[in-house]
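Scroll down for the structure; my scribbles are underneath it.
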Amino acid sequence: MKVVNGIPEGWKRVTLADICFSISYGYTASAISEDTGLKFVRITDIVPSVIDWSKVPYCNITENKKEQYLLKEGDLIVARTGATVGYAKRIHKRHPEVIFASYLVRMRLFDDVDNMMVGIFVESDEYKNYIKANVGGAAQPNANARIISGAKILVPSKEIQKLFREKVEPIFDQKEILQIQNQKLKETRDLLLPRLMNGSIAV
């Protein structure tokens, strides 16, 4: 493959901002435990390796604002403040209706760039290190949307992106399905274990 200006021909070096059609801050509200039908994902929910939707609380939001803050498949959300600034998640397919909180920034990519590929980048240590090297505020690190979307990334040709998606998407699908199955098993365990312990279910 021919190399032009240090990168393979057909590839391009861009910032995240260059490949996003929307970069926005989240919704300001208080998380509640009452099931409103709308989950409310916060910074603490995106720090673990996967989002445990069963532990994500709920929120209230008016119908006219709901669409503005609703997360969709392919959205990238990034923590913009605190000790875990720069932690990020890409939203995959099997998720509840969910609103993203105010201390998160959401990036939505143009269709000609594979969001799964970019999602892997923003969840990487490389991206976290970029954010931490550029944040302001010593006691309480803060990264605004300009910093969050300023990271540079190499975008391969459309052909390579297509091949990448074909190879990687089934892995992400299986990972998400297994996560959901594991959560259901935990719920069943938590339901049955107390009954086994008090003898209401015979072994």
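The values are calculated or read from the model by the stated rules, or taken from the named source; none is laboratory data. Quick caveat: nothing in here was measured; it's all calculated off a predicted structure. In this analysis, Cβ positions are derived from the backbone assuming ideal geometry, glycine residues included, and neighbour counts consider all displayed protein chains.
For the range 120-134: of the residues being surrounded by fewer than 18 Cβ atoms within 10 Å (Cβ to Cβ) and of a type in the set (A, V, I, L, M), which is modelled with the lowest pLDDT?
Here the residue is 133.
If I go through the range 80-103 residue by residue, how many of them are part of a strand (DSSP E or B), touching a residue at least 60 places away in the same chain (Cβ under 8 Å) and not polar (S, T, N, Q)? It would help to see each step written out before you state the result.
Step one: list which residues in the range 80-103 are part of a strand (DSSP E or B), which gives 81, 88-90, 98-101.
When the remaining residues are screened for being touching a residue at least 60 places away in the same chain (Cβ under 8 Å), the result is 81, 98-101.
Filter again for not polar (S, T, N, Q), leaving 98-101.
Residues that pass the stated criteria total 4.
Can residue 117 be described as in a helix (DSSP H, G or I), modelled with pLDDT of 95 or more and surrounded by 18 or more Cβ atoms within 10 Å (Cβ to Cβ)? Talk me through it step by step, then tell me what you get.
On the way: in a helix (DSSP H, G or I): yes; modelled with pLDDT of 95 or more: yes; surrounded by 18 or more Cβ atoms within 10 Å (Cβ to Cβ): yes.
The answer is yes for residue 117.
Name every residue in the range 147-176 that is in contact with a helix residue (DSSP H, G or I) (Cβ under 8 Å, 6 or more places away or on another chain) and free of Cβ contacts under 8 Å to residues at least 24 places away in the same chain, in order of residue number.
147
Select from the range 43-55 the residues that are surrounded by fewer than 19 Cβ atoms within 10 Å (Cβ to Cβ) and either assigned to a loop (DSSP other than H, G, I, E, B) or of a type outside the set (Phe, Trp, Tyr) (or both) and list them in ascending order. Walk me through it before giving the result.
The initial filter retains those residues of the range 43-55 that are surrounded by fewer than 19 Cβ atoms within 10 Å (Cβ to Cβ), namely 44, 47-50, 52-55.
Across the range 43-55, the qualifying residues are 44, 47, 48, 49, 50, 52, 54, 55.
Give the residues of the range 146-164 that are among the β-branched types (Val, Ile, Thr) and either farther than 23 Å from residue 22 by Cα or in a helix (DSSP H, G or I) (or both), sorted by residue number. Don't jump to the end; show me each part of the working.
Going residue by residue through the range 146-164, those that are among the β-branched types (Val, Ile, Thr) are 147-148, 153, 155, 160.
If the condition is that a residue be among the β-branched types (Val, Ile, Thr) and either farther than 23 Å from residue 22 by Cα or in a helix (DSSP H, G or I) (or both), then 147, 148, 160 are the ones that fit.
May I ask you to list the residues in the range 155-174 that are surrounded by 12 or more Cβ atoms within 10 Å (Cβ to Cβ) and within 30 Å of residue 85 (Cα to Cα)?
Within the range 155-174, 155, 156, 161, 164, 165, 168, 169, 172, 173 meet the criteria.
Of all residues in the range 83-94, which are surrounded by fewer than 18 Cβ atoms within 10 Å (Cβ to Cβ) and either under 11 Å from the mean Cα position of the chain (by Cα) or not polar (S, T, N, Q) (or both)? Break it down stepwise before answering.
Looking only at the range 83-94, we keep the residues that are surrounded by fewer than 18 Cβ atoms within 10 Å (Cβ to Cβ), and these are 83-84, 93-94.
Scanning the range 83-94 gives 83, 93, 94.
Hey, can you tell me all the residues within the range 124-145 that are outside any helix (DSSP H, G or I) and within 16 Å of residue 83 (Cα to Cα)?
135, 136, 137, 138, 139, 140, 141, 142, 143, 144
Right, residue 64: in contact with a Ser or Thr (Cβ under 9 Å, 6 or more places away or on another chain), under 19 Å from residue 29 (Cβ atoms), of a type in the set (S, T, N, Q) and surrounded by fewer than 16 Cβ atoms within 10 Å (Cβ to Cβ) or not?
Values: in contact with a Ser or Thr (Cβ under 9 Å, 6 or more places away or on another chain): no; under 19 Å from residue 29 (Cβ atoms): yes; of a type in the set (S, T, N, Q): yes; surrounded by fewer than 16 Cβ atoms within 10 Å (Cβ to Cβ): yes.
So residue 64 fails the test.
Return a yes/no flag: does the range 20-42 have any residue that is assigned to a helix (DSSP H, G or I) and of a type outside the set (S, T, N, Q).
No, there is no match, as no residue in the range 20-42 is assigned to a helix (DSSP H, G or I) and of a type outside the set (S, T, N, Q).
Quick check: anything in the range 154-170 within 23 Å of residue 6 (Cβ to Cβ), modelled with pLDDT of 85 or more and touching a Lys or Arg at 6+ places or on another chain (Cβ under 8 Å)?
Filtering the range 154-170 for residues within 23 Å of residue 6 (Cβ to Cβ) gives 154-161, 163-164.
Those left that are additionally modelled with pLDDT of 85 or more: 154-161, 163-164.
Imposing the further condition that a residue be touching a Lys or Arg at 6+ places or on another chain (Cβ under 8 Å) reduces the set to 154-155.
Yes: one or more hits.
Got a number for residues in the range 1-52 being without any contact (Cβ under 8 Å) to a residue 24 or more places away in the chain and acidic (Asp, Glu)?
Of the residues in the range 1-52, 4 are without any contact (Cβ under 8 Å) to a residue 24 or more places away in the chain and acidic (Asp, Glu).
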